[in-house]
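The values are calculated or read from the model by the stated rules, or taken from the named source; none is laboratory data. In this text, all values refer to a predicted model and were calculated from it rather than measured experimentally. Neighbour counts run over all protein chains shown; Cβ positions are idealised from the backbone, glycine included.
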Amino acid sequence: MIKIISDPDTQIWEQFVNDHPQGNIFQTPDISTVYKETKNYTPVTLAAVDTDTNDMMALLNAVIIKEFNGFFERLTARSIIIGGPLFIDSDKGKIAVKKMMKYYDAMFGRLVIYTEVRNMWDIKEQIAFSGYEYEDHLNYLIDLTSGEKEIWKNLSKARKYGIKKSKKMGVEIYEMNTIDELPVLYNLLIDTYKKARHPLADISLFNSLFSVLVPKNRAKIFFAKCEENYIGAIILLMYENKLYDWYSCSKTEYSNYYPNDRLVWHSLDWGSANHYSVFDFMGAGKPLENYGVREFKKQFGGTLVNFGRLKKIHSPITMWAIQKGFPLYRHFLG
């Protein structure tokens, strides 16, 4: 018999993710703690347990995100599941994960407009969840095991030029080692996200990330500086042998200093030197969508993958109303 529990034992949860072939930082207790300490973020954790053996068969770590409180919070509430759910690859494991997702929909679907599952491996042939529709979504993964010379060789001429030009113009890379630099980081993020017209998480997310993940060597933040000016930053998450490019940002007026080129290259070089195997760009848009960031990421020589996303709209009427009558909120809903 399979039973669904919330807030599973942290040690068992951590071990399940660690042992799973697709285990990743976004399904760990640590990231749940980061979410818990973030304004307008609510973590949701469920596990499916075999009552006969007491073994965990499936795990789900999600986060409900709201842009506003009060009357308008329902108009932007959505749930994001990155790198999950995880489940044992067996008949019982597949039954368990389907039961867990059904429970999740019943308990939390009424609280959000939609749920989006951001796959980190090819899940299409493994499982199907009721009401979830598959959408193509691209990503680039870079092999770090070949070493610095081979990674450099795979870069495009444009990216090599940008990295060399950045060095020539005096741009240096520094690791963020003190919370005092958090406002600087957040201002860089604001600059980038305003230009892209995407919502940005509250500063408490990055405060929590620095206090929870950095001491455990599960996150690093690198700044690009020119003289005394902070002109860009990259936030890396680390888990086992993988690096995740979670956030990147730069000052528009310093684009000719190529801070993004330099930051990505530093991350690849650092990752390779510290025995990481994969650099995950964390998304490159939809295949038919004109997305300039994809071209930038492509030029670092990674492998293009299409693991896609799964999406379920829990409140079609609200979604329709927002898309038709509330254009102000459209960009919040992706």
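Select from segment 289-307 the residues that are without any contact (Cβ under 8 Å) to a residue 24 or more places away in the chain and of a type outside the set (Val, Ile, Thr) and write down the one among them that is nearest to Met238 (Cα to Cα).
Glu295
Determine the pairs where a residue that is at positive phi, located within segment 80-103, has a partner that is crowded, with 24+ Cβ neighbours inside 10 Å and in a strand (DSSP E or B) with Cβ atoms under 9 Å apart, the partner being 6 or more residues away or on another chain.
Taking only residues 6 or more apart or on different chains, the pairs are Gly83/Asn61.
Exactly one of these conditions fails for Tyr140: (1) in contact with a Gly (Cβ under 7 Å, 6 or more places away or on another chain); (2) part of a loop (DSSP other than H, G, I, E, B); (3) among the hydroxyl-bearing types (Ser, Thr, Tyr). Give me its number.
Going through (1) in contact with a Gly (Cβ under 7 Å, 6 or more places away or on another chain); (2) part of a loop (DSSP other than H, G, I, E, B); (3) among the hydroxyl-bearing types (Ser, Thr, Tyr) one by one, Tyr140 breaks only (2).
Residues Lys160, Lys149, Lys225: which one is outside the structural domain of Asp89 (by TED's automatic domain parsing), out of contact with any Leu (no Cβ under 6 Å at 6 or more places or on another chain), surrounded by 15 or more Cβ atoms within 10 Å (Cβ to Cβ) and free of Cβ contacts under 8 Å to residues at least 24 places away in the same chain?
The unique qualifying residue is Lys160.
Yes or no: Lys94 at pLDDT below 95 and in contact with an Asp or Glu (Cβ under 6 Å, 6 or more places away or on another chain)?
no
Among the residues of segment 21-47, which ones are surrounded by fewer than 23 Cβ atoms within 10 Å (Cβ to Cβ), more than 17 Å from the chain's Cα centre (by Cα) and among the small types (Gly, Ala, Ser)?
None - no residue of segment 21-47 is surrounded by fewer than 23 Cβ atoms within 10 Å (Cβ to Cβ), more than 17 Å from the chain's Cα centre (by Cα) and among the small types (Gly, Ala, Ser), so the list stays empty.
Just for segment 228-255: of the residues that are of a type in the set (S, T, N, Q) and either in a strand (DSSP E or B) or touching a residue at least 60 places away in the same chain (Cβ under 8 Å) (or both), which one is nearest to Ser146 (Cα to Cα)?
Ser248
Looking at Asp50, Asp89, which is the one that is at pLDDT below 95, more than 28 Å from Pro199 (Cβ to Cβ) and surrounded by fewer than 21 Cβ atoms within 10 Å (Cβ to Cβ)?
None of the other options fit; the residue is Asp89.
Considering Leu310, Leu268, which residue is assigned to a helix (DSSP H, G or I) and in contact (Cβ under 8 Å) with a residue 40 or more places away in the chain?
Leu268
Could you list, in sequence order, all residues of segment 230-255 that are surrounded by fewer than 22 Cβ atoms within 10 Å (Cβ to Cβ), touching a Lys or Arg at 6+ places or on another chain (Cβ under 8 Å) and farther than 21 Å from Val214 by Cβ?
Correct list: Thr252 only.
Can you give me the number of residues within segment 1-19 that are assigned to a helix (DSSP H, G or I) and touching a residue at least 12 places away in the same chain (Cβ under 8 Å)?
Selection size over segment 1-19: 7.
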